[in-house]
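Student: My questions will all concern the structure given below.
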Amino acid sequence: MSTIPGVPGRTLTVWEDGTELDFTFADCMKYHGPGFPGGVAHAFAALGRALPELAARTPGGRVERRGIRVRTPFGGPGARDAFELVTRAVTGDRYTVLPELARPERGSTLARYVFEISAGDATVTCVLRDDGIVTDEFIALGAKPDKTVAELAHLEVLKAEMRDRILERNPAQVYDLEG
């Protein structure tokens, strides 16, 4: 993994039973493994965008880890694992993949990058900005069956490039908020 400016100090903060828990991108990657760094970065950015807003809407300003709910059309394992580490939503049955939340009007490249994140009565929806973060080439190659060895190697490069585009930006430059 390359070194991304500003990322070593960036954390996601949630609370559990009165204890503050901080998670870094590196923590999320250790939990997930090397397979899908772009998906991990998407979840890290979406949570980085949503958690401060949810905290501002929560009495006491603390988002309880096990009270966070996630609904998304994005079924990627990297995102799922990052959400699980930070929120425990997968094992708590508070993480739901719903294809109908996709936004096909945004085109196949952007349609599934939607994350509805809730805590208590507050809900925000993170929608990926149309800013070249995810490329058409990445989506097309990722969906291609029977990839050659060269295509698989190129896909790994595209994953790392996407991860870097996400992490070099503030979460507000990656995801817009609705709600």
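Student: Using a simple spin-label model with points 7 Å from Cα along the Cα→Cβ vector, what separation in nm is obtained for Asp22 and Arg129?
Tutor: It works out to 2.5 nm between the two label points.
Student: Order these by the 10 Å Cβ neighbour count, fewest first: Cys28, Cys126.
Tutor: Listing Cys28, Cys126 from fewest to most nearby Cβ atoms yields Cys28, Cys126.
Student: Among Thr19, Thr87, Thr125, which one moves the most in a GNM of the chain with springs linking Cα atoms closer than 10 Å?
Tutor: Thr19
Student: If you place +1 on the Cβ of every Lys and Arg and -1 on the Cβ of every Asp and Glu, how big does the dipole about the Cα centre of region 41-105 come out, in debye to the nearest 20?
Tutor: Computed about the Cα centre, the dipole is about 240 debye.
Student: Here is a follow-up. State to the nearest 20 debye the size of the charge dipole of the chain about its Cα centre, where the only charges are +1 on K and R beta carbons and -1 on D and E beta carbons.
Tutor: So the dipole magnitude of the chain works out to roughly 160 debye.
Student: Moving to a separate point now. Only helices at least 18 Å long along their own axis, judged from Cα atoms, and with Kyte-Doolittle mean hydropathy of 0.5 or greater: name those in the chain from DSSP H.
Tutor: Helix filter hits for the chain: 37-56.
Student: Oh, and also: Of (1) 16.4; (2) 12.1; (3) 10.2, which is the value of mean projected area of the Cα convex hull in nm² derived from the coordinates here?
Tutor: (3)
Student: Looking at region 34-113, which chymotrypsin sites (Phe, Trp or Tyr not before Pro) are in a loop (DSSP not H, G, I, E or B) and have at most 14 other Cβ atoms within 10 Å?
Tutor: none
Student: A further question follows. Hey, fewest Cβ within 10 Å first, where do Leu98, Leu167 land in order?
Tutor: By the 10 Å Cβ count, ascending, the order reads Leu98, Leu167.
Student: Report the label-to-label distance for Arg88 and Arg106 in nanometres (one decimal), using points 7 Å from each Cα along the Cα→Cβ vector.
Tutor: So the label points at Arg88 and Arg106 sit 3.0 nm apart.
Student: Indicate, rounded to the nearest 5 percent, the antiparallel portion of the DSSP beta bridges found entirely in region 68-172.
Tutor: Percent antiparallel among DSSP bridges in region 68-172 is about 75.
Student: So for region 12-178, taking the charge dipole from beta-carbon charges (+1 Lys/Arg, -1 Asp/Glu), which of Phe36, Thr24, Thr125 sits furthest toward the positive end?
Tutor: Towards the positive end, the residue furthest out is Thr125.
A short reminder: the numbers here are calculations on the coordinates, not readings from a lab. This one's a predicted model, so the numbers in the text were calculated from it and none came from an experiment. Glycine gets a Cβ as well: all are built from the backbone with ideal geometry, and neighbour counts include every protein chain shown.
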